[in-house]
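**Q** To start, I am sharing the structure in question, which I have written as structure tokens.
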Amino acid sequence: MQRPRERAGDQQCKAERQAQGEGADFVAFGPVFDTASKQVYGAPAGLARLQEVAFELTPFPVFALGGITADNAVDCLQVGAMGLAGISLFKDPGKLKSLVGLFQGDLRKSDLA
């Protein structure tokens, strides 16, 4: 039996709070966006749910993962993620310098800087 989305989200926050209580340094939240490697976990949670979880766990760091790209990474940070976990995003060493520049530029324009 599959749980309704809200209930699954509630269970997710419970697990994240438990990890926090057990001494974890951060939690990874996802998948935020659709990605082939995370389809077995169900539909992506989306930015709105990431924002809710980040707010509920503040100041505990939440890292966004799942379908993170150069086009949506800054969005994750702007809704409250403290970091990103992205295999595809970071797998090309030749693009790392431009990604860092992208993040630095967008963060300076936001309230997060």
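**Q** For region 41-51, check the following and say yes or no: at least one residue is at pLDDT 85 or above and in contact with a Pro (Cβ under 8 Å, 6 or more places away or on another chain).
**A** Yes.
**Q** Also, quick follow-up: Collect the residues in region 22-37 that are touching a residue at least 40 places away in the same chain (Cβ under 8 Å) and among the small types (Gly, Ala, Ser), keeping them in residue-number order.
**A** First, the residues of region 22-37 that are touching a residue at least 40 places away in the same chain (Cβ under 8 Å): 26, 28-30, 32, 35, 37.
Selection gives Ala28, Gly30, Ser37.
Okay, residues lined up against (1) modelled with pLDDT of 80 or more; (2) farther than 21 Å from Val27 by Cα; (3) among the hydrophobic types (A, V, I, L, M, F, W, C):
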| residue | (1), (2), (3) |
| --- | --- |
| Ala70 | yes, yes, yes |
| Gln78 | yes, no, no |
| Ala81 | yes, no, yes |
| Gly86 | yes, no, no |
| Leu99 | yes, yes, yes |
| Gln104 | no, yes, no |
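**Q** Now for a separate question. Report yes if Pro59 is at pLDDT 90 or above and either touching a helix residue (DSSP H, G or I) at 6+ places or on another chain (Cβ under 9 Å) or loosely packed, with under 11 Cβ neighbours inside 10 Å (or both), otherwise no. So that I can check it myself, show each step before the final result.
**A** Details: at pLDDT 90 or above: no; either touching a helix residue (DSSP H, G or I) at 6+ places or on another chain (Cβ under 9 Å) or loosely packed, with under 11 Cβ neighbours inside 10 Å (or both): yes.
So Pro59 fails the test.
**Q** Does any residue of region 25-44 turn out to be among the aliphatic types (A, V, I, L, M), more than 13 Å from the chain's Cα centre (by Cα) and assigned to a helix (DSSP H, G or I)?
**A** Of the residues in region 25-44, the ones among the aliphatic types (A, V, I, L, M) are 27-28, 32, 36, 40, 43.
So of that shortlist, the ones also more than 13 Å from the chain's Cα centre (by Cα) come out as 36, 40, 43.
Narrowing the set further to residues that are assigned to a helix (DSSP H, G or I) leaves 36, 40.
Checked region 25-44: at least one residue is among the aliphatic types (A, V, I, L, M), more than 13 Å from the chain's Cα centre (by Cα) and assigned to a helix (DSSP H, G or I).
**Q** I would also like to ask the following. What residue, among those in region 1-35 that are small (Gly, Ala, Ser) and at pLDDT below 80, is farthest from Val62 (Cα to Cα)?
**A** Restricting attention to region 1-35, the residues satisfying the condition of being small (Gly, Ala, Ser) are 8-9, 15, 19, 21, 23-24, 28, 30.
Restricting the remaining residues to those that are at pLDDT below 80 gives 8-9, 15, 19, 21.
On the way: Ala8: 18, Gly9: 15, Ala15: 13, Ala19: 12, Gly21: 14 Å.
My answer is Ala8.
**Q** Going through Gly80, Gly23, Gly101 one at a time, which residue ends up being loosely packed, with under 12 Cβ neighbours inside 10 Å, at positive phi and out of contact with any Gly (no Cβ under 8 Å at 6 or more places or on another chain)? Talk me through it step by step, then tell me what you get.
**A** On the way: Gly80 fails: loosely packed, with under 12 Cβ neighbours inside 10 Å; Gly101 fails: at positive phi.
Unique residue meeting the criteria: Gly23.
The values are calculated or read from the model by the stated rules, or taken from the named source; none is laboratory data. This one's a predicted model, so the numbers in the text were calculated from it and none came from an experiment. Neighbour counts run over all protein chains shown; Cβ positions are idealised from the backbone, glycine included.
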